[in-house]
Ligand code: ADP
Ligand code: MG
């Protein structure tokens, strides 16, 4: 082949018209064509005897047609054709809807292969609308592709055979280096690609798929790791002196070993020539804020400004207050910049940041606007990172020149997944809770327990503790989902008339939310009825009971986050999950909550149940789209490829060696061609 890249229309069987159809499927190059994988397969490779057919399964059998199909006009526009197919021992009734063409192709006394789902109807077997092949055809497993009008799987299959021949003539080096292929028992690329498009049998297909999944995940992980080393320019601001010890000794409590370790990992980063780019993962209540505070303090003492970005106003305000308290007497100027700050105040705050008069700004994504400028922005901390997209992180970074960045994630992310998603970040884990924390006892009950739960809450309020009741909806909704507004009103009039009940939801004005939160924090409000706005980060250590209404409407990680609002102080804490929905899925979720407090275990389970897309919300993870691998189903291969990719890059960081050329090209294809939008920060 002289022409690179080979235009699709020159592949035998394509031509100009089909080239356009392929484009509709997102296929614009030969590479994309041969990596356009079947959605599923029709398995003609193993034929079943009719007597051993299990009703309600899909199968293929070979049989002779008893008579030419007989036409039955059912009603206008609906014609059935019926016949019987028999192998001499047993028979299957064949019904064809509306397809005269298919009916006419079946001839009495001829043998065919029938493929489809067999059902049992009144004691006899029936197959409706079978796929029919001539008996002598050797069709193996037939690929079924995602289709667009004008392209059938049969056509694509033919095209694919030609495309593969041309593709392999180009001798593009295979992505998986030979040594890795042998080490992990993978198939050759040629075998894998040919087989996935026309497998002889299920065994071959499994081998081919594993090899292609491995290839894709290896490429992905290697790319993420390369991104990590790419992204680091020189740090413009370095920490000269480590003041974290001074800060730590001023605290009213002793840090956990894990907190100390993570702080020193970060300080080491900030002293080096490359900017810190680190993810701190810690379960709810593990004390991530104080870690950030130690770094912010140290940065300020070294003449750098910091920015702390939180996903909600409530959380930003809380961080603002915590940090103000923690840095009392240190003369660090702190600003709070959120959407509800008046325009005039905003202007003044921004001036103080630009002039360098203030050392720290805490805010929501209001920080991201163009006119927020800094004099010497050296450190950026984002809290609850998974709520921000990769690009938002980038926007903030661009306000300094290569500032240090710290990302704090409250949703523990399964380790294998964070390896991939945050391949561009170093990871620190706070795997220890502050001393004295007790397990939060968790119970799942139905609504018949409600009276008893109210009594249980009152018992705690009477001893001076506080409680939350969380409802999924703000206002009354049609499907009987508890609404915070009505519920709070009802409780404060009836059951809890003698107590101070507060209401908090996302539709309230910023100022009102603030007022409620600060009343709850001060103990003024005893029972807070809330929506999930309190899900992330809210810290009121005196709260000991968390009741979650309609617990079935929340995902596992969310329940864990909500539960994490209690158990932050010294009092024994409880979480009660109320639900009348006892479907298997709900039951197993609530069971897990009752069994464990370990956020990582819960995250693993959540990922397994919901898949990575939902886990992170709308494609926020910034990963390129995967064609064949699944991050949940292929965890074992994720692990293998993490290991393989690390070894490859250790030996050859720039992928310059001959045997890694194919991988280098594959990484470039996956990341640099299609996903220019990925921020390299
Ligand atoms: P999270 O990791 O969920 O963000 P926070 O930073 O909000 O947790 O900390 C939870 C609570 O624990 C806060 O009230 C904080 O002051 C307290 N805390 C943090 N570290 C310690 C510690 N080492 N010992 C005791 N309390 C701590
Ligand atoms: Mg937090």
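Normalised by the number of residues in the range 441-596, what is the relative contact order in percent for Cα pairs under 8 Å and 6+ residues apart?
30
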_What does DSSP give for the range 441-596 in terms of the percent of beta bridges that are antiparallel, rounded to the nearest 5?_
0
*So what is the 222 nm mean residue ellipticity for the chain from helices alone, if each DSSP H run of at least 4 adds -39500 (n - 2.57) and you divide by all residues, rounding to the nearest 500 deg cm²/dmol?*
-11500 deg cm²/dmol
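Given R₀ = 35 Å, FRET efficiency for residue 191-residue 56 by Cβ-Cβ distance, to 0.05?
Details: r = 35 Å, r/R0 = 0.99.
It comes to 0.50.
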*Residue separation times 0.36 nm, minus the C-alpha to C-alpha distance between residue 508 and residue 598: what's the value?*
29.1 nm
_Using only the alpha-carbon atoms, how far is helix 599-616 inclined from the longest principal axis of the chain? Give it as 0 to 90 degrees, nearest 10._
60
*Rounded to the nearest 0.05, what FRET efficiency is calculated for residue 104 and residue 124 with R0 set to 22 Å and r the Cβ-Cβ distance?*
0.35
*Tell me the Kirkwood hydrodynamic radius of the chain in angstroms, computed as one over the mean inverse distance between distinct C-alpha pairs.*
29.4
_Cβ neighbours within 10 Å, averaged per peptide: list 279-291, 658-670, 48-60 in order, most packed at the top._
279-291, 658-670, 48-60
*In whole angstrom, how far apart do the alpha carbon centroids of the range 144-217 and the range 432-506 sit?*
56
*Quick one: helix 510-522 against the long Cα principal axis of the chain, what's the angle to the nearest 10°, folded into 0 to 90?*
70
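Antiparallel DSSP bridges in the range 46-134: what percent, to the nearest 5?
Details: 30 of 33 bridges.
Of those bridges, close to 90 percent are antiparallel.
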_Please compute the length gained on full extension between residue 90 and residue 331, using 0.36 nm multiplied by the number of residues separating them and subtracting their Cα-Cα distance._
77.7 nm
*Relative contact order, percent, of the chain when contacts are C-alpha pairs under 8 Å separated by at least 6 residues?*
13
*Going by C-beta contacts inside 10 Å, put 244, 588, 153, 530 in order with the fewest on the left.*
588, 153, 244, 530
*Relative contact order, percent, of the range 39-153 when contacts are C-alpha pairs under 8 Å separated by at least 6 residues?*
31
*Using a Förster distance of 30 angstrom, determine the FRET efficiency expected from the C-beta separation of residue 168 and residue 626, and round it to 0.05.*
0.80
_Need one number: nm distance between label points at residue 357 and residue 80, each 7 Å from Cα along Cα→Cβ, rounded to one decimal._
8.6
_For the chain, share of DSSP beta bridges that run antiparallel, in % to the nearest 5_ = 40
*Going by alpha carbons, how many degrees (0 to 90, nearest 10) lie between the helix axis of 288-301 and the longest principal axis of the chain?*
60
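Read the figures in this text as sums done on the coordinates, not as results from a lab. Small disclaimer: the values here were computed from a predicted structure and weren't measured. FYI the Cβ positions are ideal-geometry reconstructions off the backbone, even for glycines, and counts take in every protein chain you see.
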